[in-house]
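All remarks here apply to the structure that follows.
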Amino acid sequence: MKASAGSNLRILWVKAGKLLPLDTGGKIRSYNILRHLARRDEVTLLSYYGGKRDPDYEAEISRELPGTQTIATSALDGDAVAQSVDYLWRVWQSAPFAVTKFTDRGVQQALGARLGSGEFDVAVCDFLSASLNFPSPSATPVVLFQHNVETALWRRMASTEANPLKRLVYWVEAVKMARYEQHTLRRFRHVIAVSEHDRGEMLAVAPGCDIAVVPTGVDTQKYSAAPPATANPPRIVFTGSMDWEPNLDAVAYFCKDIFPRVHSEFPAAIFQIVGRNPHPSVKQLASESIQVTGTVPSVADYLRDATVVIVPLRVGGGTRLKIFEAMAMGKAVVSTSIGAEGLEVQGGRDLILADDSAAFAEAILLLVRNEGRRRNYERAATKLAAQYDWANVVDRFAGVLLKASQSASSGRRLAGISVQS
């Protein structure tokens, strides 16, 4: 990605796994930051992924982000049985599987060469998953972009998992992740968190780290305010990747403990589960009043018609792009505290927070029954989301990269003075 006139940074961005399609919150966040950074700086994306070489993906990512370098690694991709065998092979390693499965010797060699060449001012390690590929120490300063506090995410998944075998695996991963995340936060001199909440959790385990906060953003052009939806029949919408454990737990919890209360008062109410790769357990939820869409051309089309958007997450980390997307479209949102964790929102003004099933159902019923209250939340949501357009967010991200580059340059100058004296 060539820089525009006046660019001042040469950035190498390293991402494990394919960046496209934009079907997860992490991908959406990374893509939008990359897209905006490329308008001001010279950015090179190193996108490495497991499995056989995918010419279609490589052509598409090069069109979206010109200058991208791709590497197809030997890692397994998409085969659940093979990945289970791979997990058993790696279970004795000290680093968590969520990191080791994205570690590759070819990527390590490519990074070692490029970071040692002086061709970049700063590099970005996107997610913890790519971190073992980076040399230590690195001649080029590296910023770790932490979309989640991974330890907290794995602990929550373990605490809510009903399957005993999966629960054991999650606890093993949580223990490994706690050690690895603490070590890695200290290893990288510069870290970006997506919320003050996440920054506090990271500093609790790794005091003294240089951790900046860059909030989540939203594409306010793609997700523009829609006309107010009617409540006849009520249309309740959840969006998210439906092969991700926290989302599976969220929709199961909603369908079992919350939606029946809403449905009993509004029998025509429809609940739409909108997201890619629905797990078999999600498909089994489908009924006359519950729709499971699978992959859709545009999530915005479903949000546009929603009466209420829900985020009943009980597990998770980072921040939820889905909340800002719904808010940007002028939708009233009901969320758990975990669902809205890390977002600069105020319960009772921007959205409704409800942490038990009865309160969650009552919040939905209030918004369906009371058009005036619903309109108040819709207006507040639109106003708040407008402040978080990606163009504004990227200014803060670029500032962290510039600081990291400048501190490295200053350190090199001081080292030169010391040698000469």
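The values are calculated or read from the model by the stated rules, or taken from the named source; none is laboratory data. Because the structure is predicted, anything quoted here is derived from the model rather than measured. Positions of Cβ are backbone-derived with ideal geometry, glycine not excepted, and every protein chain shown enters the neighbour counts.
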- Within the stretch 28-41, which residues are surrounded by 20 or more Cβ atoms within 10 Å (Cβ to Cβ) and of a type outside the set (S, T, Y)? I28, R29, N32, I33, L34, H36, L37, A38, D41
- Does any residue in the stretch 247-268 that is over 15 Å from S289 (Cα atoms) and in the same structural domain as S289 (by TED's automatic domain parsing) come within less than 8 Å, Cβ to Cβ, of a residue that is of a type in the set (S, T, N, Q) and modelled with pLDDT under 95 six or more places away or on a different chain, and which pairs are these? N247/S241; D249/T160
- Query: Which residue, of V296, V237, V309, V282, is outside any helix (DSSP H, G or I) and surrounded by fewer than 24 Cβ atoms within 10 Å (Cβ to Cβ)?
  - Reply: V296
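Return the only residue of R396, R314 being closer than 30 Å to V143 by Cβ and either within 22 Å of the chain's Cα centre (by Cα) or among the aliphatic types (A, V, I, L, M) (or both).
R396
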- Message: The conditions are (1) modelled with pLDDT under 95; (2) crowded, with 22+ Cβ neighbours inside 10 Å, and E341 fails exactly one of them. Which is it?
- Response: (2)
- Query: Among the listed residues I323, I352, which satisfies the condition of being assigned to a strand (DSSP E or B), at pLDDT 95 or above and aliphatic (A, V, I, L, M)?
  - Reply: I352
- Note on the structure: W244 fails exactly one of (1) under 19 Å from the mean Cα position of the chain (by Cα); (2) at pLDDT below 95; (3) over 30 Å from R199 (Cβ atoms), namely (3)
- Please tell me if Y223 is of a type outside the set (A, V, I, L, M), assigned to a helix (DSSP H, G or I), surrounded by 15 or more Cβ atoms within 10 Å (Cβ to Cβ) and touching a residue at least 12 places away in the same chain (Cβ under 8 Å). no
- Does the stretch 42-50 contain any residue that is part of a strand (DSSP E or B) and modelled with pLDDT under 95? yes
- Message: List the residue pairs whose Cβ atoms are under 6 Å apart, where the first residue sits in the stretch 185-204 and is at pLDDT 95 or above, the second is of a type in the set (D, E, K, R) and part of a helix (DSSP H, G or I), and the two are 6 or more positions apart or on different chains.
- Response: A193/R199
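Quick grid of which residues meet (1) within 13 Å of M242 (Cβ to Cβ); (2) modelled with pLDDT under 95:
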{"site": "Y253", "(1), (2)": "no, no"}
{"site": "F259", "(1), (2)": "no, no"}
{"site": "P267", "(1), (2)": "no, no"}
{"site": "G275", "(1), (2)": "yes, yes"}
{"site": "S289", "(1), (2)": "no, no"}
{"site": "T293", "(1), (2)": "yes, no"}
- Task: Answer yes if at least one residue in the stretch 194-212 is within 27 Å of Y388 (Cα to Cα), charged (D, E, K, R), surrounded by fewer than 21 Cβ atoms within 10 Å (Cβ to Cβ) and more than 20 Å from the chain's Cα centre (by Cα), and no otherwise.
- Result: yes
- Checking R276 against (1) part of a helix (DSSP H, G or I); (2) within 18 Å of the chain's Cα centre (by Cα); (3) not hydrophobic (A, V, I, L, M, F, W, C), which test does it fail? (1)
- May I ask you to list the residues in the stretch 240-254 that are hydroxyl-bearing (S, T, Y) and assigned to a helix (DSSP H, G or I)? Y253
